[in-house]
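What follows is one structure encoded as structure tokens, with my remarks underneath.
The values are calculated or read from the model by the stated rules, or taken from the named source; none is laboratory data. Computed from a predicted model, the values in this text were never measured in an experiment. The area values use the complete protein model at the heavy-atom level, side chains included, leaving out ligands, DNA and RNA. Shrake-Rupley method; radii C 1.70, N 1.55, O 1.52, S 1.80 Å.
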Amino acid sequence: MKNVAVLGASPKEDRYSNKAVLELVNHGHNVYPIHPLCAEIHGQPCYKQLDDIPCDIDTLTLYVIKEYSTELMDNIFALKPNRIIMNPGTENPLLESQAKEHDIEVIRGCTLVMLHTGQF
């Protein structure tokens, strides 16, 4: 079981970030959705920002555009995740290079595919 933060989690069921929250829960992970306006997603309480997460995070999975993740780099590094998953469309070369300097593993991949293929 891992603590996983989902940055860009959405309450809209047709969004991949919403499906990721559900699948992470179904796979037994502790899930911390980040959404500034939403109270909960799939029974998991939402956190307004990364700084609000009350525990250590193993994995941060991104569902936001690179401009937003660039703005949040200091918050991401303060969270000290062991790894960051950059889902398709969230790739951020600057964040990736800086994360490696902070000894954070970066994976360019799809959280949903990784869960369903046992690579998570």
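When the accessible area of region 25-120 is computed with all protein chains present and a 1.4 Å probe, what percentage of it is carbon and sulfur? Before the final figure, lay out each step's value.
Details: 2560 of 5140 Å².
Of all accessible area on region 25-120, carbon and sulfur atoms account for 50 percent.
Ordering Thr117, Thr70, Thr61 from largest to smallest accessible area (1.4 angstrom probe), what's the sequence? Please list the in-between numbers first.
On the way: Thr117 80, Thr70 55, Thr61 0 Å².
Ranked list, largest accessible area first: Thr117, Thr70, Thr61.
Any idea of Cys46's accessible area? Nearest 10 Å², probe 1.4 Å.
Only protein atoms counted, so the area is about 20 Å².
How far, in nm, would the chain grow between Asn75 and His102 when pulled straight, counting 0.36 nm per residue and subtracting the alpha carbon separation? Present the calculation step by step, with values, prior to reporting the outcome.
On the way: separation 27, 0.36 × 27 = 9.72 nm, distance 1.27 nm.
Between Asn75 and His102, full extension yields an extra 8.4 nm.
If you take every DSSP beta bridge whose two residues both sit in the chain, what share of them, in percent to the nearest 5, is antiparallel?
Working: 2 of 20 bridges.
Bridges in the chain that DSSP calls antiparallel: roughly 10 percent.
In percent, how large is the relative contact order of the chain, given Cα pairs closer than 8 Å and 6 or more residues apart? Don't skip to the answer; put the middle values down first.
Details: 218 pairs, mean separation 27.3, N = 120.
It rounds to 23 percent for the chain.
Nearest 500 deg cm²/dmol is fine: what mean residue ellipticity at 222 nm does the chain get from its DSSP H runs of n ≥ 4 alone, each adding -39,500 (n - 2.57), divided by its residue count? Mind dumping the intermediate values first?
Working: 5 runs with 39 residues, N = 120.
Mean residue ellipticity, 222 nm, calculated: -8500 deg cm²/dmol.
Between Tyr68 and Asp52, 0.36 nm times their residue separation minus their Cα-Cα distance comes to what?
Values: separation 16, 0.36 × 16 = 5.76 nm, distance 1.74 nm.
Separation in residues times 0.36 nm, less the Cα-Cα distance, equals 4.0 nm.
Can you list the lysines whose alpha carbon is less than 19 Å from that of Lys2, not counting same-chain residues fewer than 8 positions off?
Straight-line reach from Lys2, under 19 Å: Lys19, Lys80.
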